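Below is one structure; the comments refer to it alone.
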Amino acid sequence: MAKAGLDGHDRGAKVVARALRDAGVEVIYTGLHQTPEQIVAAAIQEDVDAVGLSVLSGAHLTLFPRVVELLKENGADDIVVFGGGIIPDADIAALAAQGVAKIFTPGASTTDIVAWVNEVLARLPPWGTPPDNRMAELRRWYLCGRCCPGCSMPTPPGRSLLPGGAMSQADEPRGS
């Protein structure tokens, strides 16, 4: 969990960090006034699965994409980036197109945030999977059209979609 840029309001980030921690997620809070470079360095050093960003200053269109870009440059594009703050609806699609997996806006409940993070962590391919393949699986899950809030059957990692959204027969589970 990180507060990027000059934003000095961290109550929301601390509330989310505590809710995630209370739900059993290991949380590292980097503190206020972090640069994207510092956030990415900490994420790589701590070997995190996800980076949660909080921005209330209006700099989200600069800071969020920069974190995604730096993760890619450092070979860590398998780290999921999500965030929240005062972010207009019109900017959410732009952030998603630049690789931000989810944006939580004011009023989002900590229950919803924790559920989303747990869902994402549960869908991560096992450690040891090459990073390029892990990211391909995550992209498939986020961009397959089956991951909308009303979806009852998201595409699980390890399966692929055929044109039209049908599940590939070759990728069906082979027993338990």
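Answer yes if at least one residue in segment 64-75 is out of contact with any helix residue (DSSP H, G or I) (no Cβ under 8 Å at 6 or more places or on another chain), buried (at least 18 other Cβ atoms within 10 Å of the Cβ) and over 20 Å from VAL15 (Cα atoms), and no otherwise.
Looking for residues that are out of contact with any helix residue (DSSP H, G or I) (no Cβ under 8 Å at 6 or more places or on another chain), buried (at least 18 other Cβ atoms within 10 Å of the Cβ) and over 20 Å from VAL15 (Cα atoms), one finds at least one in segment 64-75, hence yes.
Yes or no: LEU61 under 13 Å from ALA2 (Cβ atoms) and aliphatic (A, V, I, L, M)?
No, not satisfied.
Which residues, counting only those in segment 97-115, are surrounded by 11 or more Cβ atoms within 10 Å (Cβ to Cβ) and out of contact with any Leu (no Cβ under 9 Å at 6 or more places or on another chain)?
Across segment 97-115, the qualifying residues are LYS102, PHE104, THR105, ALA108, ASP112, ALA115.
Throughout, read-outs are computed from the coordinates displayed, never taken from laboratory work. Predicted model, so just to flag it, every value in this text is computed and none were measured. All Cβ positions, glycine included, derive from the backbone under ideal geometry; neighbour counts span all protein chains shown.
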